[in-house]
Each structure stands twice: as structure tokens, then as C-alpha cells.
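The structure under discussion appears below in the form of C-alpha cells.
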Amino acid sequence: MSLRLRAAIVSIALLAAFLGIWHLATRSTGATANMSPEYARLMGLTATQGKSAMPGPADVGAKLWEHLKRPFYDNGPNDKGLGIQLAYSIARVGTGYLIAVIVAIPLGFLIGMSPLISRAIDPFIQVLKPISPLAWMPLALYTIKDSSISAIFVIFICSVWPMLLNTAFGVASVRKEWINVARTLEVGTLRRAFTVILPAAAPTILTGMRISIGIAWLVIVAAEMLVGGTGIGYFVWNEWNNLSITNVIIAILLIGIVGMLLDQILARVTRMVTFPE
Amino acid sequence: MTDKFISIEGIARRYPGANGDATTVFENLWLSMARGEFGCVIGHSGCGKTTVLNILAGLDEPSAGTVIVDGQAIEGTSLDRAVIFQSHALLPWRTVLGNVAYAVSSKWRKWDRARVKTHAQKFIDLVGLSGSEHKHPSELSGGMKQRVGIARALSIMPKIMLMDEPFSALDALTRGTLQDEVRRICLETGQTTFMITHDVDEAIFLADRIFLMTNGPGARLAEIVENPLPKDRGRIDLHRHPYYYALRNHIVDFLVSRSKSFATDVPDHDARHVPTVRPGVGDPVIVSPPRVVEPNAAQSAAR
Amino acid sequence: MSTFDDPFDADRELTRSGCICGGHRSADEHDHAERALRCEPVLPAEGEEKRYEAVVASAVMRAVFPSDIARRAFLKSVGAGAAFAALSQFFPLKTATEAFAEAGPPEKKDLKVGFIPITCATPIIMAAPLGFYAKQGLNVDVVKTAGWAVIRDKTINKEYDASHMLAPMPIAISLGLGANAIPFAVPAIENINGQGITLAMKHKDRRDPKDWKGMKLAIPFDYSMHNYLLRYYLAEHGLDPDTDVQLRSVPPPEMVANLRADNIDGFLAPDNVCQRAVYDGVGFLHILSKEIWDGHPCCSFAASKEFITTSPNSFAALTRAIVDATSYASKAENRKQIAEAIAPANYINAPVTVLEQVLTGTYADGLGGVKTDAKRVDFDPFPWQSFAVWMLTQMKRWGQIKGDVDYKAVAEQVYLATDTARVMTEMGLAPPAASYKSFSVMGKSFDPAKPDDYLASFKIRKSS
């Protein structure tokens, strides 16, 4: 039996065990106190049937199927299908992230290529980098005066640092001899940047971009919970509002899957630009 | 020697030290080479050989003095001077063809893709890498990588080829083969070559003249050794030549003992007129007197 | 109570306190409500015109017969239809009605109104699915918002044109408490009553507030009626809310979960949150807020002064829609349908049962009993300026405002009683004649003319 197959079997067994325990832990305990039927009619299942406040795997599965059947419905500004919510979140992350790429990579090049600028900018980066992205939210809301742009700004600010630092580091640590090759070939600065430094630093830059997309995806959920409106974070908040743990679990699952997909896409791109030496 | 294709004139390299005084790697270095000549610098580590080569390449600047190539003082790097790096310095994300083509397209910016490719292919064939054009450097052995480095340097048809210990990282067998290649190519193309090496046999086999440098800091060019062996020498039977051992012993002697004590032994060493010796049977013969009537400094600088 | 006034009904007094349910008395009206509940667009149909006609007629009738008794006698003798016809002969009722109904066109038709998903927002929310905005020629998106601070910032930032806010918030914003001072105004109160004190099940035997020392109690926001009512209630029972208990601001959606997790002992919260805690079996209703102050305001409909001055017609149309919706919501027979209309995920996102219990007033108390109180939550749009004065006294009492405050000036600037009264009159509703009234909170009466004396009468207060 190959290792892969054995690993798959263990994975499935773990999942089954997890679902089993989950199911047992969330079983109804049956009707609890005796209530007048009139009173019971006004109460929820948790109170009347002793149903656990935590949904079981079957509840989540059924609800998930319901969502998957119609992912793109639109019942007005506050109730849209999961597909639409995810699309909003991804679009926000994409926009903020793209702006971060446009800013971080050229700036990172500048810092990486110039020791002067590197030293001059370093203290700012060191102070700005460790700030929790959500701490920017009130400031952004106050100055930008638009919540969806603020959310994009927060994505930008959280994804810019790993990219900036990795780009600067990647550019600064390009092997001297490759630069020398370009110099002896009288390659101009711009062409050198694109033909030598960029490909040489690309794996490091992509690593930064991969870290960034992970952070951006983490942050968008929190940001959307804060500003509301649309997006998967808003969905979580809206369902939390209704104490619908089932939907919250589904959202968590989807957030995980999308996060993994985003990471995998960048991992693949990283592999494409990585060169063996 | 009147044909000074390369003329190194009084260059020095100093680094500012920790306590204010400068560390001098070498000083007042004079050296010239003729067109088509193969020159080899031998010396211990730290004598500034690589710095000299980098200054020639334009990658480094001398603290004093100038270098004149083909009648022009050099300023920075140039496509006229190709460098073969010790660590081959291939761009690992490019294929063999890509690496060579990168150099070709840098020299001839206006060439179209096909022309670049044909030109690059010619030099890949020259170094015997036909069939490996589309491999990446990581798929090549050390020797093959250095062949690519050579092809890349040659492809831009430079006036001078500068080689910084190009074979030091290779095993003996590969090194031998490559030395043969290089000698063949240099003879065929009449390439002017300046090479740095640690390996005495390599210098004897390849060089027309061997420059001996004393130990640093404050290294000097102590002596120029003219190679007495015939042009058509072969690597296999090199050691059978009657002059071989005289030549080899002279160089080894220098490296073992004289390189250390040179400064005290020869206090009146004239850096501008370094003695040239031609070791042969018996004692080495000094072919050029230590002091000759030369055109004055102004004249030589004007050259 | 704000309702339609039929001047041709001999059994009705034409005074301002007179109240008839215009709701489903005519087939027209009934039809209208049904259409609305089916979420079909409600056109300014016949009913609407009739109402304006009635307003004008009412005015004329009043002018002709200033005395109620005389008017009633006249109507009795000739009949309403004949009276109307007679009046029409010497007064061009039709033309006057048309002129009346013709307000300026809204400057901005596509509006965004923010709300917090609680039953207090009922009029704002239901006005969308039931077509009250559309009736005023507006295209309103009601946008659910995460919390009070967010709704404040989004309204200040003009992302929303107007919003659902806690009644004290527009005062706090205008005074610059907890934010930059930006003039805001309240044209309508959303709801009265409709809150409750909910305690965790484990406290079911600790019903006397004197035993509550050391409890952790949650309120939705610092500038909320909930805060002031809970503090008032505790203080009346001899507890100092600043030292004897812990008060925490917790967003309403998180209250039930926190109660379940035993992080808090109870809360004074807006409904559906109270009922939701009961529904999920984690808490019981200690008292309804109306037991503290019957008829207290809770949430308001607020807009910035800037919006009001730049888009006066849009603002007036919004006010009309909200007043209209509030008046519709005030009728008990509409409540069940409203509960269904606002329950979906797009609006409040809560089980219909819970909303029904809140709105109909027949509810489980969490201790096994079913209680009925038709006024558990009620809707009355009139922004009494005396409400604002009371809130200001409490803001001072608990140290939110330091120093002197011009109660009357602030109240009149923020609570637009006069403007709303005009709008209500235009709509044929009967607003109160005054904008101040006294009321009593836990048996202690409040005279809006003497706020400082009132404030001085409290023993427990934050020492300033």
C-alpha cells in the first residue's frame, strides 16, 4: 500500500471519528421540563427538545446543501447567496492586494537596490509593520469616509508589508555575480531590473505575496464583520446575529477552502518562478 | 614590448581601515599586454589578483592610476571586455541558449530573435554543448556550466577575455579538457586573454607570459615570466619538454619562498620596469634588463 | 395616537386626541395593506388621494364649524355625503387637495438608510418591503449595519442618507460626545417601549434588584435609553450603577451568546434580543422596559442637518414614509404580518415566532408562563422634545455631559417636533399640539420645564 493511500485512509478515519464525536456531542436530550403546550409553542427547540445549541454534522450538511443549490440568489441588500458574498470578499481582497502589489514591488525594488533609501525608510517600516491591520479601520473610516474603500485600504495595508520586505530582501540579496554579469554586458538599470533582479528575486517576492494573501484573507473576514454590507464576513456576522451557528460553521468551512485555494494559487505561481540552482 | 594593447599604469587599491589608516592591497602596479597574448597572474590569496581583474573588467575602480585598453582609458564595464567568472555566474532561470542569447542581445540590441539565436548557437557549438541548448544550468555538470560561461563570454566577441580562476571549482579531468578547449579557441580566434589562476600547470600550459605577484597587503608585480615552451604544446606531453621543469621550478620557488620575502630582498624594485625572465636549461635568463631607456612617462601615458 | 381623521364621521370628535383606526375600515385600505404585505408596490392609489381630500375637507369643516358640537349636529342632520357635496359647492375641494398633495419632487430618489437588526427598527425596515418608501417616490435601500458606532460613522460619512439610531445618539453626536460635533436631527421616534431586562436562568430566584450587587449587566451602547433606564432602575433600588454592578457595552447580537457563555448575568436590551434569550432557553424576562417608564422612546430615525438642508424634499418624503409606516405599525392587527415581513435574512434575520411574540405582545416569559401585553412595544413617531430634555438630564446625571447645558436649545435643535407636526398635519394625521409633555418614570414625575431641579432630586448620581 502506498504511503499516499495509507495517509488518505487515516485522513478519512480521522474525519469520520470527528464527525461521529460531533454528532454524539450535539444529540438532543429529548423533551426537558414539562411545559404547557401553549408555552412550548413560543419557545425554540433548544429549550423544548433539549437540542444542543451547537448544530450537529447532519444539520450543517443539510444547510450546506441548501446553500450550494442556490449560491447566487439576491434577496435585497442584506441577504445574498453565499457565492455572491464570497465574490464580494474575493473582489475586495483582490483589489486591496493588487494595489499593494503595485505599491510594494516597485518600492521594494527601490529599497533593495539603494542602501540609502533602505536605511531611510527602515524605521518607518519597522513601526508600521507590527500594527494590527484592523487598528487602521477607525482611522480609515474617519479619513476615507467610505466603508468599502476602508475595507480595501485595510487589505492593502496588511498585505503591503510582507511583500515590501520580501521584495526588498529578495532584491538586496540577488547574487552579486548575476549583477556583475549584467554590468559587464552593459545592461541598463531598467533592463537589469527586469531581466536579472526580478527573476532572481521572484521566488522571495512570491513568498512575500503568499504570506500577504493569507493575511489579507484573514483580515477581510474581520473587516467585513466590522463594516458589514456584503461579503463572507458580513454573512458570518448576519448569521451570528441570528445565532445560526449552522450557517456560521458553513461560512468557516468556506473561508477555509477559499483561503486554501488562494494559497495554492500563489504556491503554484511560486513554483513557476522558482529556479533550481 | 611596444604593442601595448592593454596597459595598466600605476594602479593601486586601498581600503579604509578601521582605525583610520588605509589598508593597501597593492600599489603602483604597471603591466602591459600585447594583442592576442595570453597572460596569466599567479599569486597567493590576498595579493589582489581578483581586484586587478575586476578593475580591468570595470567592475571595480582603482584608488589611483589608470588602465588603458586599445588606446582608451577604461571607464566602467564594457562589452569589449568579457568576464568568465569563477562561479560561472549563469542565470539559473535561463536555459543554456537563453544565457548566451542574453549576452548576444545585450551587445546587438537591434538584432531580431532569430539572428540572436543563430549567433548564440554558433558559440554553443564552439564550446561543444550542441544538444544541451534547452537545458537549465541546474541540469548541467560543473564543467558544462563553465563551458556555457565561456560561450557567453566569447559570443559577444570581446577584445579581451578576463578569466577569474575559471576552472578552480572543477575536478582535474574536466579541468584538463576545458583547458584544452580554451587554448584551442584562443589560438583559433587570436583572443587576448587575461587569466587569474592558482594552478602552476594551468599557467604553464595556457599562458604566453606569467605575472608573478608577491603576497599582500602591499602586493607588487615581482616578475614577468616568459613561457619558453613552443606554441603548439600539448597538455599530455607538456612535462616532457626540457624547459618544463625549469619553468615550473622557477614559479614554484617564487610562490613558496620569494613571494613572502620579496619586499625585503629587493628593496630597490622598480615597479614600472619589472624584469622579464625566461627560464630554460640552466639558470633563468633575464631577457629584458631591469632598467632600460624607455620613452618617458608622459609619452607612455599618452598612449 | 396618530391616525386618519374622518371629518365626516359624526361619531368622531375632530379634536387632536381623537383617534380612529383608519387601517382597514374601507375596502381600499384593506386592499392596500394586503398588497403591501404581498410585497407588491403600493401605488399612491385612491386611498391616498382620499386621505388628502379628507385633510382639506377637515380643515374646511373646522373653519365652517369651529365647534365640535355644532359640526356633529350638522352632520347628523344632513348626513356626511350631503355635507361633503354641500361643502364642495362653495369650496373647490378638489383643487385644494391636489395642491396639498403636491410636495416638491425629491432631490435624491435613491437613498440608503442604515438599520440595526432589532425590532425597534420595525418602521424603517418594513417601509421597504411594504412599499412605504416607494409610495413617496423614493427608492430606498435599507442596509443592515454591524453596530451603533458603525452606523454613526457611516451616517456621518454620508454613506447613509439617514439612519436608525438610539434616541440619545443624535443628541450625543450634535453635542460632540464620543465623536466630532456634527449637527444631527430626529424627525421621528421609531418606537416606544419594546425593551426588557433579561437575566440568566440561574438568577430566577434573585428578582429583587437589591440582590444584584456585583452582577455584570450588558447594555447596547453608552448613549442609549437602555443605559439610562437600567441605571435609573438600579439607582431607584439603591444600587450605584457605577460601583455596585459592572455595566458593559455589548452589541445586541452578542448578548445572548454572552449570556449563554455566562460572561454576563443579564442585560437591558432591545427586543428581539430579550425574547431570543427566552426562545433559546438561556434567560428569562425580569421586567419589560415599559414597567420602568411606560411610553419611553427607544430608537429614533435620524439624519444630518446637512442632508436636511441639501435635500429637503427627500428628507420630507422620508419623514412621511417613516411616519406612515410607524402609524401602520402602531395598529395591533398589522403586527403579525409585519413580523413575517421583517423576519427574513435580508432584514432582521430572526425566527418569526420570536418577532411575533415581541410585536403582538403575547410572549413566553422564560419561566414557563405566557404573558400578554399589547403595549409591549408600540410605535409613535412624534419626537417629543421633552424626551430629549430627559435624556440630557440623564447624560448629566451619569457624567456624559460635564458643565451646563441649554436643555431647551439642544432639544429643539435635535428633535424636530415642529417640522414633524407639520408633516403629520399635511399627511392628514393629528400631531400633538405641544412638543413638551411631562411623564413619570417609576412613579416619579418629570417636568421638562425644570430639568435642573429634576436632576438635583437624584441621590445616586455620578459625582462631578
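The values are calculated or read from the model by the stated rules, or taken from the named source; none is laboratory data. Just so it is clear, the structure is predicted and the values come from calculations on it, not from any experiment. As a convention, Cβ positions derive from the backbone with ideal geometry for all residues, glycine included, and neighbour counts pool all protein chains shown.
When A:ILE211, A:ILE157 are checked against the criterion of being in contact with a Pro (Cβ under 7 Å, 6 or more places away or on another chain), farther than 30 Å from B:LEU162 by Cβ and either within 11 Å of another protein chain (Cβ to nearest Cβ) or crowded, with 19+ Cβ neighbours inside 10 Å (or both), a single residue qualifies: A:ILE157. Take B:LEU129 and decide whether it is surrounded by 19 or more Cβ atoms within 10 Å (Cβ to Cβ) and either assigned to a loop (DSSP other than H, G, I, E, B) or at pLDDT below 90 (or both). Considered against the rule, which asks whether it is surrounded by 19 or more Cβ atoms within 10 Å (Cβ to Cβ) and either assigned to a loop (DSSP other than H, G, I, E, B) or at pLDDT below 90 (or both), B:LEU129 comes out as yes. Here the range B:132-142 is the region considered, the condition is being modelled with pLDDT of 90 or more and in a helix (DSSP H, G or I), and the residue that is surrounded by the most Cβ atoms within 10 Å (Cβ to Cβ) is B:PRO137.
Taking helices (runs of 4 or more DSSP H) that do not extend beyond the range C:264-329, which have at least 2 residues that are among the hydrophobic types (A, V, I, L, M, F, W, C) and surrounded by 24 or more Cβ atoms within 10 Å (Cβ to Cβ)? Full working, then the answer.
Details: elements: C:273-279, C:305-310, C:312-329.
Those helices (runs of 4 or more DSSP H) span C:273-279, C:312-329.
Listed here are the helices (runs of 4 or more DSSP H) enclosed by the range A:29-105 that have at least 1 residues being among the aromatic types (Phe, Trp, Tyr): A:37-41, A:57-69.
Listed by first and then second residue, the pairs linking a residue in the range B:82-95 that is under 10 Å from B:ALA153 (Cα atoms) to a residue that is among the acidic types (Asp, Glu), with Cβ atoms under 8 Å apart and 6 or more places separating them unless they lie on different chains, are B:VAL83/B:ASP164; B:ILE84/B:ASP164; B:PHE85/A:GLU177; B:PHE85/B:ASP164. All of (1) within 12 Å of chain A (Cβ to nearest Cβ); (2) out of contact with any Leu (no Cβ under 6 Å at 6 or more places or on another chain) hold for B:ALA114 with one exception: (1).
For the range C:175-186, the condition of being of a type in the set (Val, Ile, Thr) and more than 14 Å from chain A (Cβ to nearest Cβ) holds for at least one residue. Selection of the range A:56-96 for residues being more than 14 Å from every other protein chain (Cβ to nearest Cβ) and within 16 Å of A:THR246 (Cβ to Cβ) yields A:GLY56, A:PRO57, A:ALA58, A:ASP59, A:VAL60, A:GLY61, A:ALA62, A:LEU64, A:TRP65, A:LEU68, A:LYS69. Among the residues of the range B:79-111, those that are part of a loop (DSSP other than H, G, I, E, B) and more than 9 Å from every other protein chain (Cβ to nearest Cβ) comprise B:ASP80, B:THR95, B:TRP108, B:ARG109, B:LYS110, B:TRP111. Please determine, by comparing only the residues of the range C:389-431 that are in contact with a Pro (Cβ under 6 Å, 6 or more places away or on another chain) and not β-branched (Val, Ile, Thr), which one is surrounded by the most Cβ atoms within 10 Å (Cβ to Cβ). Restricting to residues being in contact with a Pro (Cβ under 6 Å, 6 or more places away or on another chain) and not β-branched (Val, Ile, Thr), the top hit is C:TYR415.
Counting only residues that are under 19 Å from B:GLU61 (Cβ atoms) and assigned to a loop (DSSP other than H, G, I, E, B), the range B:1-46 holds 1 of them. Against the numbered list (1) touching a residue at least 12 places away in the same chain (Cβ under 8 Å); (2) surrounded by fewer than 18 Cβ atoms within 10 Å (Cβ to Cβ), A:MET272 comes up short only at (1). Of all residues in the range A:29-52, none are closer than 19 Å to A:ILE252 by Cβ and within 10 Å of another protein chain (Cβ to nearest Cβ).
From the set of residues in the range A:214-245 that are within 11 Å of chain C (Cβ to nearest Cβ) and on the phi > 0 side of the Ramachandran plot, which is modelled with the lowest pLDDT? Per the criteria, the residue is A:GLY228. Of all the numbered requirements in (1) modelled with pLDDT under 90; (2) within 14 Å of chain A (Cβ to nearest Cβ); (3) touching a helix residue (DSSP H, G or I) at 6+ places or on another chain (Cβ under 9 Å), C:LYS204 misses one, and that requirement is (3).
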